[in-house]
Structures are given as C-alpha cells and as structure tokens.
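To keep things clear, I will list the structure first and then write my remarks on it.
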Amino acid sequence: MHSFEQWVERNQERIQRDYFTFLRFKTIGTDPACRSEMTACASWLQRYLQTAGFSSRLIETSGHPLVWAEHNQAGPDAPTLCIYGHYDVQPVDPLELWLSDPFEPEVRNGQVYARGALDDKGQIFYAILAALAFQELQEKLPINIKFCIEGEEESGSQGLSDALPKLRAFLKADYLLVPDFDLLSPDEPAISLGARGIVTMEVTLTGSKGDLHSGCYGGIAYNPNRALAELLSQLWDEKGRVQVPGFYDDVGAISEKEKKLYSFRGSEEEYAKQYGIRALGGEKGVSLMEANWFRPTLEINGMAGGYSGPGFKTVIPAQAMAKLSCRLVPPQNPKKIAEQVGSFLTSRAAAGMDVNYRVLSAEPAFRGQAASRLADAVAGAYTDVMQRPCHRILSGGSIPIIAQFQEMGLQDVVGMGYGLPGDQIHAPNEHFDMNRLSKGILTVARTIQRLR
Ligand code: BES
Ligand code: MN
Ligand code: MN
C-alpha cells in the first residue's frame, strides 16, 4: 500500500493534468453538437488505457462509442474484474449559475469544479489511475481486469444495451465494480449494493391547431396548460401515494435482514439545513431512507407550455408537455410501469385533449449479491484506506445498464464511490475533491490486491 501512496503523491501534478484533459472534452451525450467531442474523448480514454498496459479499443454502437479494455497478465486461472463507468455528462444549463466554465476545470479550496468532475469522469478516472499505478510500480496485477466505459449512461445506455448480445465474450468477468456512487459521509466509507430502476417519458397535450390569443379565445378553448396541471395533479393523493393503478403491486416490505444490513441515515433536520429542503415529497409515514431506497417514486422533471420568457404574452398555447420519470425498486417491471402510467395519462386528461406519450428509457433496479467476495474486498479496501468501518447502503439513483449486465451472468456487482451529496452532480458548479480522488486510486488498487 505504501508504494501506491507514494506513487499518488509523486504524481499529483500529472494526475491533475490528465484529469483536467479528460474533463475538458465537452461530452454532453444528449447534445448533438457534442458528437465529435464524444468520439475524441473516447479515443483519448482508449489511448490512456493503452498506456496503462491494457489492450483497448473503441467499439461503435448505435449511439456513442464504447471504450473497452482488458489486461490479462494474471492468466486464465485468476479471476477477472470488470470496471464499468461513463464518460458522458449531464447538460450544464443554467450556465449563468456556474462560477467558472464547466469545461475548463478550476481548483478552488482543493475542489475541482467542472461538469463531470465527479459523475463520472472523476470516479472512473481514479479507477484507471489505480491500474496505471500497478503498471508503473511494476507490480504484477494479481487478477485480470477489464474496463467498460460508455457514453450514454446519462440517457439510458441505449447504444451499450443494443451492443450487449455481441459483447458477451468481451464482458465475461467474475466481478463487476461500478465506481459511480457516494460515500456515506466524508469520513464514513460505504459500498452500494443496489440502485433503483428508472422509467423516463414525455407527455404532450394538444388542444388546438395553433397558439391562440387568450382574449379572443378565452372562455372558448380549453387551455392545455390547465389540462396538464389538472392531469398531473391527479398523480398523487394527499398522502403522497402515486395514484396510478397497479403502481405498487410488486413492491414488498423491507425485510429484517435488510434493516440490519444497511446503514440508514439522513434526518429531516439535516436535509433542511444542508439543502433547504423543507417540504417533504415522499409518502406520509415512510422514513426518508426507506422512501429513497425501498419505495418507487414518480416525479415531474420538467413542464413546458405557453410563454415564460421576459415580459408577458397573452396566449393559449396549442400544446403543453411534461417530462416524467419513475424510480423503481426490485422486482418492479419497468415496461409494465411505463404502460400503467401511460394509460393513466391518456385516460384521465380533460376531454378533447390529444394525449401523446413517449417512453424514453425503461430499466429495472438492481441489487448486488448477499454473499459477495467483491463486496468484502471493496469494504476491506475502504477500511485499509480510510481507517474506518465500511457501511452498506443503497442508492436512490439509477445506473440503467447494470441489471442487463447481471442478466448476462455478471451477478456479483458492487457500487463504490467517493461522491458526497454536496458535490452538486447534474447541477451548476459540480465539484470533486483532489484528496478523495487520491483515496479512490488507493481504494481501487487495494481492492485489486484483495481479490487475488
Ligand atoms: N452516478 C449517477 C447515479 C448515482 C447518483 C448514483 C448519486 C449514486 C449517487 C448516474 O450517472 C445517474 O445520474 N444516472 C441517471 C440515469 C438516468 C438519467 C437514466 C439518474 O439516476 O438519474
Ligand atoms: Mn449522472
Ligand atoms: Mn454516474
């Protein structure tokens, strides 16, 4: 371990330089203007992994390219660890709230500010650096290692999903490590043994052929904004329960075993103090962490219709639309939930409204295994590095492709991470701490050693 610590210390400057190069690629996966930067970033990663001694390649998909790499120095009898992450990032708007350019990393108070600083460039980068450290320290890798780094995680992983049947041999491994998660608190390490599934959809209500003058047609035409507001307001009852018939059918209660296994944290006071959250959105009578980890939710992520720019426009818009998502828990079926929500929307909208909905992604939740060699190795590695016992947690977020990896036979999955809820992923001024990045390198290196 000592030699790895020294390697990290000796290479601080270069680590930061390469990290910044990675962060400078504008890799907003959903922005067509970023296409060439997506490929440039993937190629850069592919070459970087080559430098670290891996045989690596770009794999074209129906979407953005996939970076794949493997290192089989340990031989056919040694186990194989696959490490999954993503180089795509979320959009940066509202840009005016950033204190520095989201694609020109800046260090302030030891924190690196950039889109992707944590999610997931920072986290996948420390895993790559761990492998690089083995190579430069001339330490033989005790296990075989693969990297699978995609460019569409933030939009549902369609390209990777389409390519999976062809990638079976490429992805064959004993363990899957996903460095795209959080710590429990700044000095309490945790492994994540599951995350929620997700369904995303758009619904559009159309009330007329075109926008209408709200005086000339007011009292005559039904306003689609009103119809949308009325429709969406029916989605929950006063107890916060989703009213879509069948929504909770497959949801079970938490078992005693789960209650013991996971470290439930987070109080109402803490959320109010740290984030200014005073209104609680979950089901009444359900504790915060139970609501976040063990209950499905439905959210309105965006609404648009009519005019909301500067000044005023007296308009009855032709259309109103909303973006909705559901977070799912095992064993909820995402396709079934999407249909249930879709038929709720089409059947409950005001008469005369044309209702159209489109499902963008539908992926189930995943859970790691109860008895897992990988979980033991990562937890042990965290304790070695942070000198603290390692907790077990779940995530309320989603990593869409993991359940498909498991279906392919990669059952032993563990999420790790050095993120903290205050790092502002997906928001303006996302940041990551150089110290935590360094600990990430050591933790992955130690995990590799412990898996031998
Ligand atoms: N890394 C996150 C998920 C996450 C967030 C895990 C916080 C643990 C703690 C991931 O990149 C993500 O944001 N996923 C999206 C997927 C969706 C857009 C299909 C999510 O959860 O919203
Ligand atoms: Mn994300
Ligand atoms: Mn992520």
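The values are calculated or read from the model by the stated rules, or taken from the named source; none is laboratory data. Keep in mind it's a predicted model, so treat the numbers as computed, not measured. Cβ placement follows ideal geometry from the backbone for every residue including glycine, while neighbour counts extend to all protein chains displayed. Side chains are part of the model used for accessible areas, which takes the heavy atoms of the whole protein and leaves out ligands, DNA and RNA. Shrake-Rupley method; radii C 1.70, N 1.55, O 1.52, S 1.80 Å.
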With everything on Cα atoms, drop me the angle between helix 158-167 and the longest principal axis of the chain, reported from 0 to 90° to the nearest 10.
-> 40
Helix 334-348: angle to the longest alpha-carbon principal axis of the chain, degrees 0 to 90, nearest 10?
-> 20
Looking at the square roots a ≥ b ≥ c of the eigenvalues of the Cα gyration tensor of the stretch 68-129, which shape do they give, rounded for a/c under 1.5, prolate if a/b is larger than b/c, or oblate?
-> prolate
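Of the peptides 309-317, 148-156, how do they stack up when ordered by the mean number of other Cβ atoms within 10 Å, highest first?
148-156, 309-317
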If you roll a 1.4 Å probe over the heavy atoms of the protein chains, what accessible area per residue do you get for the stretch 308-435, in Å²?
-> 42
Sequence-separation-based contact order of the chain, relative, with Cα cut under 8 Å and 6+ spacing, percent | 26
Return the whole-Å distance between the Cα centroid of the stretch 357-392 and the Cα centroid of the stretch 407-423.
-> 5
At a probe size of 1.4 Å, how large is the accessible area of Asp237, to the nearest 10 Å²?
-> 50
Highest mean first, what order results for 251-264, 285-298, 47-60 on Cβ atoms within 10 Å?
-> 285-298, 47-60, 251-264
The chain - mean residue ellipticity at 222 nm from DSSP helices (-39,500 (n - 2.57) per run, n ≥ 4, rounded to 500) | -10000 deg cm²/dmol
Against the longest alpha carbon principal axis of the chain, how many degrees, from 0 to 90 and to the nearest 10, is the axis of helix 434-450 turned?
-> 60
Just report the Cα centroid separation between the stretch 28-42 and the stretch 244-267, whole Å.
-> 38
Please give the solvent-accessible surface of Glu37 in Å², to the nearest 10, using a probe radius of 1.4 Å with every protein chain present.
-> 60
Carbon and sulfur atoms: what percent of the 1.4 Å accessible area of the chain do they account for?
-> 48
Output the relative contact order of the stretch 298-452, whole-number percent, from Cα pairs under 8 angstrom with separation of 6+ residues.
-> 21
Per residue solvent-accessible surface (Å²) - the stretch 1-63, probe of 1.4 Å = 53
Classified through the alpha carbon gyration tensor (a ≥ b ≥ c as square roots of its eigenvalues; rounded if a/c is under 1.5, else prolate when a/b is larger than b/c, else oblate), the chain comes out prolate
Three-way shape label, the stretch 251-357, alpha-carbon gyration tensor, a/c 1.5 | oblate
Return the sequence-ordered ³J(HN,Hα) values of the stretch 304-310 in whole Hz as given by the Karplus equation 6.51 cos²θ - 1.76 cosθ + 1.60 applied to θ = phi - 60°, using x for Gly and Pro.
-> 8, x, x, 10, 9, x, x
Nearby lysines by direct alpha-carbon distance to Lys26 (threshold 19 angstrom, same-chain neighbours under 8 apart not counted) = Lys121
With every protein chain kept in place and a 1.4 Å probe, the stretch 106-233 has an accessible area per residue in Å² of 35
Mean Cβ neighbour count within 10 Å, used as a protection proxy, ranking 61-74, 110-123 highest first = 110-123, 61-74
Would you pull out the residues with amide H under 5 Å of Asp433's amide H, same chain only if 5 or more places away, H placed 1.01 Å from N?
-> Val112
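So if each residue of separation counts as 0.36 nm, and I subtract the Cα-Cα distance between Glu96 and Asn435, what length gain in nm does that give?
119.2 nm is the gain from fully extending Glu96 to Asn435.
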